[in-house]
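Each reported figure results from applying straightforward, stated rules to the coordinates on display, with no laboratory input. Quick caveat, the model's predicted, so the values are computed rather than measured. As a convention, Cβ positions derive from the backbone with ideal geometry for all residues, glycine included, and neighbour counts pool all protein chains shown.
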Protein chains: 2
Amino acid sequence: MGTINISRKQQVILKATELFKIKGYAATSMRDLANSLGIEAASLYSHIKSKEEILQSICFGMADEFTRALNAIETEDIPSSEKLQKGIAAHTEVIARDLDASAVFLNEYRHLSQPFLRDFLLLRINYINRFKKIIQEGISRREFKDMDEKLAVMTIFSSLNWMPNWYNPMGELDKKELGKQLANLLINGLNQKPL
Amino acid sequence: MGTINISRKQQVILKATELFKIKGYAATSMRDLANSLGIEAASLYSHIKSKEEILQSICFGMADEFTRALNAIETEDIPSSEKLQKGIAAHTEVIARDLDASAVFLNEYRHLSQPFLRDFLLLRINYINRFKKIIQEGISRREFKDMDEKLAVMTIFSSLNWMPNWYNPMGELDKKELGKQLANLLINGLNQKPL
DNA sequence: CCTACCGATCGGTAGG
DNA sequence: CCTACCGATCGGTAGG
């Protein structure tokens, strides 16, 4: 339970996150993971209880990050478009901070066993509903156009959640700028504003 | 090679598509597939050569559908926003026509072995670049706002490609309306137009 | 962190 | 489409 053990466990989880992203959870074996850490497969089990425990810690850890990022924004008394813009920026920030873990969170959660899968899906639906409320509010205030709410919220999430598949943090677009441009594109569209 | 064999092979691929979507390619065993067809695992091999052959036929079949849907649109002499709107509608139509195969195409292609993976990725990058050109054209004509092109094209694709995760063809939003609303949201944004 | 090993399951073949 | 079976690999344990 000393510092060394804790740190080693984190190394294991970090490397597993990387492999789960690249190959997928099911196609990543404990031997793959052990090899890329330079140890034997059996040795992993002095750090973690099971393969799934790693997936659980990634999925629920990220769920917690997303949830907390939204907490501050939700109750502010500002226009819906500003609230949405801040929500998008917060979500983008969490993803950009850890692209590998985000990819696993987004694509591999389905390999959680019960009751973890059920719990995870509840957290996710709650989070989505909080964004949905912001959009509904904006529509009822006639700030946003009157459109299918599910389509609007899913379009926003999909745009944000595809990021791990293309965003290069070393590229010319930095995290802050990315969040701003994404929010602007979704709220104001691709077309030039009329003068 | 009679009609019965061909039809049975299609049944196998159809059921495999469904399972690959739900459980993922790696986590779906040939015994899972055989069981859900009511036969023994070994019997599958009189219809298909290997597990991966199924994945190949799904991935390359869908790639072909997407490519062909775009062909007619590209060369029309119309405003960029109209071209983009038609491209989005065509892409949406292909996805909505087969949500399961689309999900496999989008998420499971990475389990293709070489040289299939390489070929697949080439087809995909070509397709994305065709959309990118439409956007670049619109920006240079000052029809679209001046923004990061990669971000714009990735945002559009992500919105379209998330559909298999949420769209219910039995719901209140029909395919045509979906394509229209998606294109409208991406091109004009969520905000109300100023009067 | 290792050696040695477990029962279960994998994709696939032989032969009918 | 089946029975019978293959070698390889899986996640994980015992014991040190």
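In the range A:12-25, the residues that are within 14 Å of another protein chain (Cβ to nearest Cβ) reach residues that are among the β-branched types (Val, Ile, Thr) and assigned to a helix (DSSP H, G or I) with C-beta atoms within less than 7 angstrom, at least six apart or across chains, in these pairs: A:Phe20/A:Val104; A:Lys21/A:Val104.
Restricting the range B:139-152 to residues that are over 24 Å from the mean Cα position of the chain (by Cα) and more than 7 Å from chain A (Cβ to nearest Cβ) leaves a set whose member that is surrounded by the fewest Cβ atoms within 10 Å (Cβ to Cβ) is B:Asp146.
Taken together, the residues in the range B:66-92 that are of a type in the set (D, E, K, R) and buried (at least 19 other Cβ atoms within 10 Å of the Cβ) amount to 2. Here A:Ala183 meets the list (1) more than 8 Å from chain B (Cβ to nearest Cβ); (2) under 18 Å from A:Ala63 (Cβ atoms) almost entirely, failing just condition (2).
Checking each residue in the range A:162-177 for being surrounded by 15 or more Cβ atoms within 10 Å (Cβ to Cβ), more than 7 Å from chain B (Cβ to nearest Cβ) and not charged (D, E, K, R) picks out A:Met163, A:Pro164, A:Asn165, A:Tyr167.
For the range A:13-46, filtering for residues that are over 13 Å from A:Val104 (Cα atoms), outside any loop (DSSP other than H, G, I, E, B) and within 12 Å of DNA strand D (Cβ to nearest atom) leaves 12. Inspection of the range B:122-131 finds no residue satisfying the criterion of being of a type in the set (Val, Ile, Thr), closer than 24 Å to A:Met147 by Cα and touching a residue at least 12 places away in the same chain (Cβ under 8 Å). Among the residues of the range A:140-157, those that are within 18 Å of B:Leu173 (Cα to Cα) and in a helix (DSSP H, G or I) comprise A:Glu149, A:Lys150, A:Leu151, A:Ala152, A:Val153, A:Met154, A:Thr155, A:Ile156. Here B:Ser80 passes the criteria (1) away from chain A (no Cβ under 14 Å); (2) more than 24 Å from A:Ile22 (Cβ to Cβ) except the one numbered (1).
Looking across B:Glu177, B:Glu149, B:Glu172, B:Glu143, one residue alone is out of contact with any Leu (no Cβ under 8 Å at 6 or more places or on another chain) and in contact (Cβ under 8 Å) with a residue 40 or more places away in the chain. It is B:Glu143. B:Ala34 falls short on exactly one of the conditions (1) away from DNA strand C (no atom under 13 Å from the Cβ); (2) more than 14 Å from every other protein chain (Cβ to nearest Cβ); (3) more than 20 Å from B:Ser113 (Cβ to Cβ); (4) in contact with a helix residue (DSSP H, G or I) (Cβ under 6 Å, 6 or more places away or on another chain), and that condition is (1). The one condition from (1) away from DNA strand C (no atom under 13 Å from the Cβ); (2) over 17 Å from B:Glu18 (Cα atoms); (3) of a type outside the set (D, E, K, R) that B:Tyr45 does not meet is (1).
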